[in-house]
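> Mind looking over this structure? Questions follow.
Read-outs: derived from the displayed coordinates by stated rules, not from any lab. Since the structure is predicted, the reported quantities are computational estimates derived from the model, not experimental observations. Glycine also receives a Cβ, built like all others from the backbone with ideal geometry; neighbour counts cover every protein chain displayed.
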Amino acid sequence: MTTPYAQRRARVAQAIGANGIALIPTALERPRNRDTDFIYRHDSYFYYLSGFTEPNAFLVITGDGRSTLFCQPKDLEREIWDGIRLGPDAAPAALGVDAAHAIGELDAQLPKLMENRDAVWFPFAIHAGLEARVGGWLERVRARVRFGALCPEQQRDLCGVLDEMRLIKDAHEQDIMRRASQISARAHVRAMQRSAAMLRAGQDVREYHLDAELLHEFRLHGSQYPAYGSIVAAGANACVLHYRADAAPVRDGELVLIDAGCELDGYASDITRTFPANGRFTGPQRALYDLVLASQDAAVAATKSGARFTDPHEATVKVLAQGMLDLGLLDKNKVGTLQDVIEQRAYFAFYMHRTGHWLGMDVHDCGSYVEPSEVGQVSERRDPLSGETITNRPSRILRPGMVLTIEPGLYVRPAAGVPEAFHNIGIRIEDDAIVTDTGCELITRGVPVAADEIEALMRG
């Protein structure tokens, strides 16, 4: 049976041409401090094509469809310390590659594999020092031209080929992402309930208590690690977009914003929920929350095959901007009509980020946001806030199998003219969506979003 990894390698071979060669390293191990490394995480491109998670490895794909893996050799002494290695002898059967060698042979073998190729493809600007290594291998090929060897004349960026492939998730990838989302949803539910239970018991609650609940649930269900540093932001901290879970108190009567998701088998999930620490929304909190949820509903409805990537954002902005006028966050006498608010980006004071991003092996996954077939259609506009000239190109057309987040928010800092009841309230609601033929599938709704349902959950 052909694996997804073998199928992807075949597609790369076809894309680089019969005389091309593609070089894909995995990530390096990174020192954390003396004698210890950060927890190792493979390179996404490398794993996408190999399914191999060991460090110190390198994959080569040639245009004739052959793949060669360079990996760590078996070493009984090192395996006592670092774990069992697959080794080159077992790699072809285990991974479906055509050949495998010890990583120590890379410098000797690469010039031979590069001979008589017309182009060398590798990921540009990702692996420090790779360009220099490629140059060294090419130099050794050139030294053999007097013996009839031909040296590749082109160096091409492999990222473009792989980014387009990774943008559409196959059934195997979608299944993993659904399972990752289910685990993350359980973690959010656990944190919500823990917050209310601790406050009811009169205990001191800190952001790190809720972060601990997330991590416990991730690992309990087999996730290897968080997909990114979890954001657990209590009270005014929720108005800091990339706040990190820390030691601030979680107070009765305030909101908590949690943006967290696990990584499972190389794929990320990404969920944000905002909930009352004690399980009960106040009036002003509920008003802003319902507005954000309504804007997300509009974005979800706009997320469908054939729509543009920007359509959900525009739907969100329209709902949020009208809500800002209705609730008095924006003064109609100063900012004008809804259309004025949108055109002048007056909403930016309270909503300053986009409504989504690609999701996959990386939490901010690869893939162009410009429609490739229309990349030459260029227009310019002047940004009303910065005064900069912005180059516009047609936004990506959504197609089945693309996965993106839908994450509107509101962040209200104290300021003149802003109703005091809304001060220091930060709200974001984020779900992960797979684009389908008929709309989109929200794979993260194992944790509720409706305010009434959140309150009911936290009473349990």
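> Net charge near Tyr47, counting Lys/Arg +1 and Asp/Glu -1 over other residues with Cβ under 12 Å of its Cβ?
Numbers: positive: Arg8, Arg41, Arg166; negative: Asp43, Glu54, Glu173, Glu263, Asp265, Asp362.
That sum, taken over residues with Cβ under 12 Å, equals -3.
> Tell me which lysines have Cα within less than 26 Å of Lys74's Cα, excluding those fewer than 8 residues away on the same chain?
Lys112
> Ordered by residue, what ³J(HN,Hα) values in Hz, to whole numbers, does region 215-221 give under the Karplus form 6.51 cos²θ - 1.76 cosθ + 1.60, where θ = phi - 60° and Gly and Pro are x?
Residue by residue, region 215-221 yields 4, 4, 5, 4, 6, 4, 9 Hz.
> Are there GluC sites (Glu not before Pro) in region 364-409 that DSSP puts in a loop and that have at most 11 other Cβ atoms within 10 Å, and which ones?
Values: sites: Glu374, Glu380, Glu388; in loops: Glu388.
When the GluC sites (Glu not before Pro) of region 364-409 are filtered for loop state and at most 11 Cβ neighbours within 10 Å, Glu388 remain.
> Arrange His42, His242 by Cβ neighbour counts within 10 Å, fewest through most, would you? Each step should come with its number before you reach the end.
Working: His42 19, His242 9.
So the ranking, lowest neighbour count to highest, is His242, His42.
> Sticking with this structure for a sec: Enumerate the calculated ³J(HN,Hα) couplings along region 224-239 in order (Karplus 6.51 cos²θ - 1.76 cosθ + 1.60, θ = phi - 60°), each rounded to whole Hz, writing x wherever the residue is Gly or Pro.
6, 5, x, 6, 6, x, 5, 9, 10, 10, 9, x, 5, 4, 5, 7
> Shape of region 195-311 from its Cα gyration tensor (a ≥ b ≥ c, root eigenvalues): rounded if a/c is under 1.5, otherwise prolate when a/b > b/c, or oblate?
Numbers: a/c = 2.27, a/b = 1.19, b/c = 1.91.
Since a/c reaches 1.5 but b/c is at least a/b, the shape of region 195-311 is classed as oblate.
> Counting only DSSP beta bridges with both residues in region 4-166, what percent are antiparallel, rounded to the nearest 5? Display every interim value, and only then the final one.
Values: 11 of 22 bridges.
Taking every DSSP beta bridge with both residues in region 4-166, the antiparallel ones total about 50 percent.
> Which lysines does Lys169 reach when only Cα atoms under 20 Å apart count, and residues fewer than 8 places away in its own chain are ignored?
Output for Lys169: Lys304.
> Sequence gap at least 6, Cα distance under 8 Å: using those rules, report the relative contact order of region 4-166 to the nearest whole percent.
Numbers: 281 pairs, mean separation 36.1, N = 163.
This gives 22 percent for region 4-166.
> A further question on this structure: Asp98 versus Gln224, label points 7 Å from Cα toward the beta carbon: distance in nm?
Result: 2.7 nm between the two label points.
> Rounded, prolate or oblate, given the Cα gyration tensor of region 65-148, with a/c below 1.5 counting as rounded?
Working: a/c = 2.12, a/b = 1.80, b/c = 1.18.
It comes out prolate by the Cα gyration axes.
> Let me ask another. Can you tell me the FRET efficiency between Ala171 and Arg146 if r is taken as the Cβ-Cβ distance and R0 is 35 Å, rounded to the nearest 0.05? Spell out each step's value before the answer.
Details: r = 51 Å, r/R0 = 1.47.
That pair, Ala171 with Arg146, gives E of 0.10.
> Then there's this: How much FRET efficiency would the formula 1/(1 + (r/R0)^6) give for Asn424 and Asp157, where r is the Cβ-Cβ distance and R0 is 51 Å, rounded to 0.05?
Working: r = 45 Å, r/R0 = 0.89.
Computed FRET efficiency for Asn424 and Asp157: 0.70.
> Can you work out the FRET efficiency for the pair Ala456 and Thr2, with r the C-beta to C-beta distance and R0 = 56 Å, to the nearest 0.05? Show your work: numbers first, answer last.
Numbers: r = 47 Å, r/R0 = 0.85.
It comes to 0.75.
> Tell me the angle of helix 310-327 to the major Cα principal axis of the chain, expressed in degrees between 0 and 90 and rounded to the nearest ten.
Around 20 degrees separate the two axes.
> Could you work out the relative contact order of the chain, using alpha carbon pairs under 8 angstrom and six or more residues apart, expressed as a whole percent? Don't skip to the answer; put the middle values down first.
Details: 933 pairs, mean separation 61.8, N = 460.
Reported relative contact order: 13 percent.
> I need to check one value: relative contact order of region 1-80, counting alpha carbon pairs closer than 8 Å and at least 6 residues apart, in percent. Let's see the in-between values first.
Working: 117 pairs, mean separation 27.0, N = 80.
Relative contact order here is 34 percent.
> Going by average Cβ density within 10 Å per residue, which order do the peptides 434-440, 272-278, 418-424, 226-232 take, highest to lowest? Before the final figure, lay out the partial values.
Values: 434-440: 17.1, 272-278: 24.1, 418-424: 14.3, 226-232: 20.7.
Those peptides, ordered most packed to least, come out 272-278, 226-232, 434-440, 418-424.
> At a temperature of 10 °C and a viscosity of 1.306 mPa s, determine how fast region 168-459 diffuses translationally according to Stokes-Einstein, using the Kirkwood radius over alpha-carbon pairs as Rh; express D in µm²/s, rounded to the nearest whole number.
Working: Rh = 19.6 Å.
Rounded to a whole number, D works out at 81 µm²/s.
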